[in-house]
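Here is the structure we will look at, set down as structure tokens.
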Amino acid sequence: MQNNLKARYYSGDILVEGQRRHSRWYERLIFSAGLQLIIGLVCVVILPSFIIWPESIKNILNLQPVQLHTMIANGLAYWVAFLLYKKLQKFPGAQTLIYLLPSVTICWAIAVGVILLFRLDYSRPALLSAFVIANALLILGNQLSRKYHQLKLAIVPFGDYQEVVVLKSSDNRILQDPTFSGVRYDAVVADLRSDMPDEWQAFLANCALANIPVYHSRLMVEQLTGRVKVKHLSENIFGALYTTSFYGIVKRLCEIVFVLLLLPIWLPVMLIFGAIVKLESKGPMFFVQERVGLGDKDFKVYKLRSMCQDSEKKGAQFATQSDARVTKVGKFIRKVRIDEIPQFINILKGDMSLIGPRPEQRVFVEQFKKEIPFYSYRHVVRPGISGWAQVTQGYAANAAETSVKLEYDLYYIKHFSFWLDVLIVLKTIRTMLTGFGAR
């Protein structure tokens, strides 16, 4: 299934009442990713340079080092930002400016960092101008896309199609007969396992021949919600849920380097807040608890203590909103996720990852194994400090919420990739700033 359906809005032929109607050439040109990239590079690289250095127009083949370095930095920063923007758009909930603007900022910050590292000559006005132009271009493109390119789906009314109809992230219209009746759609959605009349089967075949995307309703729900529905799964599906070994290895090495490089920052912060925790209430600085990790094996997770001493003397229980066991300092460090900092130690030990499903206590795991089908499959990857379920849903406090959380976890495992991890990092930053899902 092609994730970014919007990219196909103006591609291919449109089948209308048995006739093919080609999309307009200028529509295909305007919304071409290649053309957008070229226009962006011209505006970001060429325009600021010619404004700041008018003489460079005459000496384009004999640029000074400061001009060359700045133009290359701007070009690479915009290319990476544009690529990141397009990749993140494939995932649900990533089409907002909340994730777009930080992505551009990070790309230019890296470009400046490389320039300073190698002590290259550069122009601050040119870099700043390009940064502003890049943000303006991507914001404009994002707003036009959101306004004029809402995904329009034609729903075939047979089998299990109701879950697609109720989704608000797309314009869903149920077909009354096997024609488009003059309306243009991005794709056709059907329960391909359902029994449908011959004329509808012929309609789907004609759509495929006309290069009109036809998607199974289950996959469309998964793509638009970011959840792999548990009730639609079967044992043989899970062959695709095991993560790519190469990326897993690269991710593991990068996380170790990242944690070690930031050691001078996170270690003092952890010790300072740990001391504040001890001053506020009796008990240890750290909260150590058995959790279930990779391969369904137990490990000890470390956190800054955010609850009063002996908070689980009555047994394991979920944290709830306004939990009386949470201290005043604990409420703050839980909101901004500072209590999770000691889990960097778990990363170095190999127990956890930066990104992955949150680890649960053994007592809850055994309970959910009995109540929720396929719950054990969330243990095919290392648990994480942050994860797709945590930044999308928040904490779960009962079996029903945990079932939804599992669907997010399975989506992460199935779509395990660098780009999804980047989106989760950006969502985690938003979570830290807003306190989303904190309990």
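The values are calculated or read from the model by the stated rules, or taken from the named source; none is laboratory data. Just so you know, these numbers come straight off a predicted model, no measurement behind them. Neighbour counts run over all protein chains shown; Cβ positions are idealised from the backbone, glycine included.
Name, by its number, the condition in (1) at pLDDT 90 or above; (2) within 30 Å of P342 (Cα to Cα); (3) more than 28 Å from the chain's Cα centre (by Cα) that does not hold for L263.
(3) is the only condition that L263 fails.
Tally the residues that are among the charged types (D, E, K, R) and either assigned to a loop (DSSP other than H, G, I, E, B) or at pLDDT 85 or above (or both), restricting the search to the stretch 47-70. Full working, then the answer.
So in the stretch 47-70, the residues among the charged types (D, E, K, R) come out as 55, 58.
With the extra rule that they be either assigned to a loop (DSSP other than H, G, I, E, B) or at pLDDT 85 or above (or both), the set shrinks to 58.
Counting residues in the stretch 47-70 that are among the charged types (D, E, K, R) and either assigned to a loop (DSSP other than H, G, I, E, B) or at pLDDT 85 or above (or both) gives 1.
Given the residues L35, L15, which is the only one that is at pLDDT below 90, outside any loop (DSSP other than H, G, I, E, B) and surrounded by 15 or more Cβ atoms within 10 Å (Cβ to Cβ)?
On the way: L35 fails: surrounded by 15 or more Cβ atoms within 10 Å (Cβ to Cβ).
Just a single option satisfies the conditions, and that option is L15.
Checking the structure you have, find out if any residue of the stretch 138-161 is of a type in the set (A, V, I, L, M, F, W, C) and more than 28 Å from P213 (Cβ to Cβ). Give the derivation first.
So in the stretch 138-161, the residues of a type in the set (A, V, I, L, M, F, W, C) come out as 138-140, 144, 151, 153-156, 158.
Narrowing further to those that are more than 28 Å from P213 (Cβ to Cβ): 139.
Yes - at least one qualifying residue is present in the stretch 138-161.
Please identify the pairs in which a residue from the stretch 327-340 that is touching a residue at least 60 places away in the same chain (Cβ under 8 Å) and within 13 Å of G274 (Cα to Cα) has its Cβ atom under 8 Å from the Cβ atom of a residue that is buried (at least 19 other Cβ atoms within 10 Å of the Cβ) and among the acidic types (D, E), counting only partners at least 6 apart or on another chain.
I333/D339
Here is a list of conditions, (1) small (G, A, S); (2) in contact with a Leu (Cβ under 6 Å, 6 or more places away or on another chain); (3) surrounded by fewer than 17 Cβ atoms within 10 Å (Cβ to Cβ), and A94 meets all of them except one; can you say which number that is?
Against the list (1) small (G, A, S); (2) in contact with a Leu (Cβ under 6 Å, 6 or more places away or on another chain); (3) surrounded by fewer than 17 Cβ atoms within 10 Å (Cβ to Cβ), A94 comes up short only on (3).
Taking strands (runs of 3 or more DSSP E) that fall entirely within the stretch 275-363, which contain at least 2 residues that are at pLDDT below 90 and of a type in the set (A, V, I, L, M)? First the steps, then the outcome.
Numbers: elements: 286-292, 298-304, 353-355.
By residue number, no strands (runs of 3 or more DSSP E) qualify.
Which residue is surrounded by the fewest Cβ atoms within 10 Å (Cβ to Cβ), if the candidates are limited to the stretch 387-416 and must be assigned to a loop (DSSP other than H, G, I, E, B) and touching a residue at least 40 places away in the same chain (Cβ under 8 Å)? First the steps, then the outcome.
Step one: filter the stretch 387-416 for residues assigned to a loop (DSSP other than H, G, I, E, B), giving 387, 393-398, 415-416.
Next, only the ones that are touching a residue at least 40 places away in the same chain (Cβ under 8 Å) stay: 393-398, 415-416.
Working: Q393: 20, G394: 15, Y395: 18, A396: 23, A397: 15, N398: 9, H415: 19, F416: 21.
Filtering first and then ranking leaves N398.
Residue-wise test of (1) in contact with a strand residue (DSSP E or B) (Cβ under 8 Å, 6 or more places away or on another chain); (2) under 20 Å from T225 (Cα atoms).
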site: I355; (1), (2): yes, yes
site: R358; (1), (2): yes, yes
site: R362; (1), (2): yes, no
site: Q367; (1), (2): no, no
site: S376; (1), (2): no, no
site: G384; (1), (2): yes, no
site: G387; (1), (2): yes, yes
site: A396; (1), (2): no, yes
site: I413; (1), (2): no, yes
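If we keep just the residues of the stretch 166-206 that are outside any loop (DSSP other than H, G, I, E, B) and free of Cβ contacts under 8 Å to residues at least 12 places away in the same chain, which is surrounded by the most Cβ atoms within 10 Å (Cβ to Cβ)? Talk me through it step by step, then tell me what you get.
Just the residues of the stretch 166-206 that are outside any loop (DSSP other than H, G, I, E, B), to begin with: 171-174, 187-190, 198-206.
Now narrow it down to the ones that are free of Cβ contacts under 8 Å to residues at least 12 places away in the same chain: 198, 201, 205.
On the way: D198: 8, Q201: 16, A205: 11.
Of everything passing the filter in the stretch 166-206, Q201 is surrounded by the most Cβ atoms within 10 Å (Cβ to Cβ).
If you check Y122, Y85, Y78, which single one turns out to be over 22 Å from L35 (Cα atoms) and aromatic (F, W, Y)? Give the derivation first.
Numbers: Y85 fails: over 22 Å from L35 (Cα atoms); Y78 fails: over 22 Å from L35 (Cα atoms).
The unique qualifying residue is Y122.
Are any residues in the stretch 103-142 of a type outside the set (D, E, K, R) and outside any helix (DSSP H, G or I), and if so, which ones? It would help to see each step written out before you state the result.
Of all residues in the stretch 103-142, those of a type outside the set (D, E, K, R) come to 103-118, 120, 122-123, 125-142.
F118, L120, Y122, S123 - these are the residues of the stretch 103-142 that are of a type outside the set (D, E, K, R) and outside any helix (DSSP H, G or I).
For E222, are the conditions met, namely being at pLDDT 90 or above and either of a type in the set (G, A, S) or part of a helix (DSSP H, G or I) (or both)?
Numbers: at pLDDT 90 or above: no; either of a type in the set (G, A, S) or part of a helix (DSSP H, G or I) (or both): yes.
When the stated conditions are applied, E222 does not pass them.
For the stretch 144-165: of the residues being at pLDDT 85 or above and in a loop (DSSP other than H, G, I, E, B), which is surrounded by the most Cβ atoms within 10 Å (Cβ to Cβ)?
Here the residue is V156.
Could you grab me the full set of residues in the stretch 115-126 that are loosely packed, with under 15 Cβ neighbours inside 10 Å and either in contact (Cβ under 8 Å) with a residue 24 or more places away in the chain or farther than 21 Å from W53 by Cα (or both)?
L116, L117, F118, R119, D121, P125
Keeping to the stretch 399-432, report how many residues are under 14 Å from the mean Cα position of the chain (by Cα) and either on the phi > 0 side of the Ramachandran plot or among the charged types (D, E, K, R) (or both).
Filtering the stretch 399-432 down to residues under 14 Å from the mean Cα position of the chain (by Cα) leaves 408-431.
Next, only the ones that are either on the phi > 0 side of the Ramachandran plot or among the charged types (D, E, K, R) (or both) stay: 409, 414, 421, 427, 430.
Final tally of qualifying residues: 5.
For the stretch 346-371, name all the residues that are crowded, with 18+ Cβ neighbours inside 10 Å and of a type in the set (A, V, I, L, M).
I347, M352, L354, I355, V365
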